[in-house]
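Trainee: Handing you this structure, nothing more for now.
The values are calculated or read from the model by the stated rules, or taken from the named source; none is laboratory data. What you see is a predicted model, and the numbers here were worked out from it, not measured in a lab. Cβ coordinates were reconstructed from backbone atoms using ideal geometry, including for glycine residues, and neighbour counts include every protein chain displayed.
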Amino acid sequence: MAKIKNVFVCQDCGYESPKWLGKCPGCGAWNSMAEEAKAAASDFGRAVTISSGNKPRSITNIKSGEHERYNTGISELNRVLGGGLVRGSLTLISGSPGIGKSTLLLQTANNISKQHGRVLYISGEESEEQIKMRGDRLGVVHPELYILSETNIDVIEQHVSEVEPIFVIVDSIQTLYKPSLTSAPGSVSQVRECSSDLMRLGKTKNIPFFIVAHVTKQGELAGPRVLEHMVDTVLSFEGERTEDYRILRTIKNRFGTTSEIGVFEMAEVGLVEITDPSKVFLEESSFTQEGAVVVGVMEGTRPILVEIQALVSETKAPMPRRTAVGIEGSRLNLILAVLEKKMRIPFYNCDVYVNVVGGLNIDGTFADLGLALALVSSIKGKELKLEKSLIIGEVGLTAEVRPISFCDRLVNEGVKMGFKNVIIPFRNKDKVQSKGSNIILVSSLKEAISKVF
């Protein structure tokens, strides 16, 4: 019998050490080494085989699975998955507790069971009765939806073989364990081996799996980083528990783009998809307040209009505050530096607060010009003189307004939403056609400020 020895494994990255270390040499995390029993390599189970027949085939003879996608019945979820659920895929979804992961997956399971066939929902955190209570509240009553409360991965594999579902949901991966391993559920070894078994099961039987994962206090995916590399798709469910709106974002996707988002509203009947996010994010905007501007951003292939609010107030503190919600703090500091250096507008004695209305996190440089004008509006105490304006553009370090991509799509979205004035970079003029709105071209930050105030 193979000798079992104890090793110390980092719970963040999976680095192994024969002795305890305060700081992990692999990822630099402090106090993350946990002792686990390690057996011989032959005791860890079967090797993962994912190909059909284990024989090399010409790529011209392999059938593409692009058209073999399951419709989840939720268009926003189909969008972030790249058009639907690919057969044999392994999808990981994460989010803070209470955000609505189980609700979304239960609704998805019910829709797929109605349209395509038998679905198995496996829960290691709740009993069948608890899931049934949530199902009654959501109206999930289809007889082809099977519920199983189990944490033993070997037993789960037997049930999958007996039930023969076309779709399986596992909630959550941190609760599963493999009896041949002595470490506790949720440890690096257990998560890695259980994920390998699920991947082998899904690939060999051509069953798509949805796996729920916990998140840390910082909002990052809990468990070893190898988990993200093993799965095909990683989805992140974002939002505040006190807010109505939820955003489903793609972090990794082998079958589609990684920049799409899906927008949902939490209601009594479950998660309701929002097909027009711009209308939702702007429904309470007045467009006449100082420090408030509307900007256009691209989330994947979808143009979205959101409102940015800035508040600049004088302070006596030696170190003024810089607080940004929905915008990167480094981007805010860059815009403030350009305004101080090039526009001679002092912010060194002012607290600065910036917020993106609706809870959306803005990436990229689409909102640079709008953020700069919102800050100027707040510090000067003046509102924009142009009625119902949409602002699009990137600001460079020399205070020039640089062109952006997809400007024409953002302008068309603004026209659809009824904006009368659209401010865009001068170098985007050839790709934009006016269709009912006044297009204002600017080439520098100074020119933009003079035209809107």
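Trainee: Under 8 Å by Cβ, and 6 or more places apart or on different chains, what pairs join a residue from region 324-349 that is over 13 Å from GLU400 (Cα atoms) with one that is of a type in the set (Lys, Arg)?
Mentor: ALA324/ARG331; GLY329/ARG322; LEU332/ARG322; ASN333/ARG322; LEU336/ARG322
Trainee: Here's something else I'd like to know. Using the structure shown, decide if LEU373 is at pLDDT below 95 and either in the same structural domain as SER285 (by TED's automatic domain parsing) or under 25 Å from ASP276 (Cα atoms) (or both).
Mentor: In short, no.
Trainee: May I pose another question? Could you tell me whether ILE335 is assigned to a helix (DSSP H, G or I), of a type outside the set (S, T, N, Q) and not assigned by TED's automatic domain parsing to the domain that holds ILE247?
Mentor: So ILE335 fits the description; yes.
Trainee: Return the residues of region 224-247 that are aliphatic (A, V, I, L, M) and in contact with a strand residue (DSSP E or B) (Cβ under 9 Å, 6 or more places away or on another chain); say none if nothing qualifies.
Mentor: Scanning region 224-247 gives LEU227, MET230, VAL231, VAL234, LEU235, ILE247.
Trainee: Return the pairs, sorted by first residue and then second, in which the second residue is aliphatic (A, V, I, L, M) and buried (at least 17 other Cβ atoms within 10 Å of the Cβ), the first residue lies in region 137-155 and is in the same structural domain as ASP197 (by TED's automatic domain parsing) and in a loop (DSSP other than H, G, I, E, B), the beta carbons are less than 8 Å apart, and the residues are 6+ apart or on different chains.
Mentor: The qualifying pairs are VAL140/LEU106; VAL140/ALA109; GLU144/VAL119; GLU150/ILE122; GLU150/ILE156; THR151/LEU176.
Okay, residues lined up against (1) in contact with a Phe, Trp or Tyr (Cβ under 9 Å, 6 or more places away or on another chain); (2) surrounded by 14 or more Cβ atoms within 10 Å (Cβ to Cβ); (3) of a type in the set (Lys, Arg):
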{"site": "ALA109", "(1), (2), (3)": "yes, yes, no"}
{"site": "SER123", "(1), (2), (3)": "no, yes, no"}
{"site": "GLU126", "(1), (2), (3)": "no, yes, no"}
{"site": "ARG134", "(1), (2), (3)": "no, yes, yes"}
{"site": "ARG137", "(1), (2), (3)": "no, no, yes"}
{"site": "PRO143", "(1), (2), (3)": "no, no, no"}
{"site": "GLU150", "(1), (2), (3)": "no, yes, no"}
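Trainee: Does GLY88 count as part of a loop (DSSP other than H, G, I, E, B), more than 23 Å from GLY239 (Cα to Cα) and not hydroxyl-bearing (Ser, Thr, Tyr)?
Mentor: Considered against the rule, which asks whether it is part of a loop (DSSP other than H, G, I, E, B), more than 23 Å from GLY239 (Cα to Cα) and not hydroxyl-bearing (Ser, Thr, Tyr), GLY88 comes out as yes.
Trainee: Count, please, the residues in region 89-127 that happen to be on the phi > 0 side of the Ramachandran plot and either at pLDDT 90 or above or of a type in the set (S, T, N, Q) (or both).
Mentor: Total meeting the criteria: 1.
Trainee: Output yes when any residue across region 167-176 is touching a helix residue (DSSP H, G or I) at 6+ places or on another chain (Cβ under 7 Å), farther than 19 Å from VAL234 by Cβ and in contact (Cβ under 8 Å) with a residue 24 or more places away in the chain, and no when none is.
Mentor: no
Trainee: Applying the selection to region 377-419, what residues are under 19 Å from ARG322 (Cβ atoms), touching a helix residue (DSSP H, G or I) at 6+ places or on another chain (Cβ under 7 Å) and surrounded by fewer than 23 Cβ atoms within 10 Å (Cβ to Cβ)?
Mentor: If the condition is that a residue be under 19 Å from ARG322 (Cβ atoms), touching a helix residue (DSSP H, G or I) at 6+ places or on another chain (Cβ under 7 Å) and surrounded by fewer than 23 Cβ atoms within 10 Å (Cβ to Cβ), then LEU397 is the only one that fits.
Trainee: While we're here: In this structure, is TYR353 among the aromatic types (Phe, Trp, Tyr) and in a strand (DSSP E or B)?
Mentor: Taking the combined requirement at face value, the residue satisfies it.
Trainee: Filter region 293-320 down to the residues that are in a strand (DSSP E or B), aliphatic (A, V, I, L, M) and surrounded by fewer than 22 Cβ atoms within 10 Å (Cβ to Cβ), then identify the one that is nearest to the chain's Cα centre (by Cα).
Mentor: MET298
Trainee: Go through (1) in a helix (DSSP H, G or I); (2) farther than 30 Å from MET33 by Cβ; (3) touching a strand residue (DSSP E or B) at 6+ places or on another chain (Cβ under 6 Å) and name the single condition GLN190 misses.
Mentor: Of everything listed in (1) in a helix (DSSP H, G or I); (2) farther than 30 Å from MET33 by Cβ; (3) touching a strand residue (DSSP E or B) at 6+ places or on another chain (Cβ under 6 Å), GLN190 misses just condition (2).
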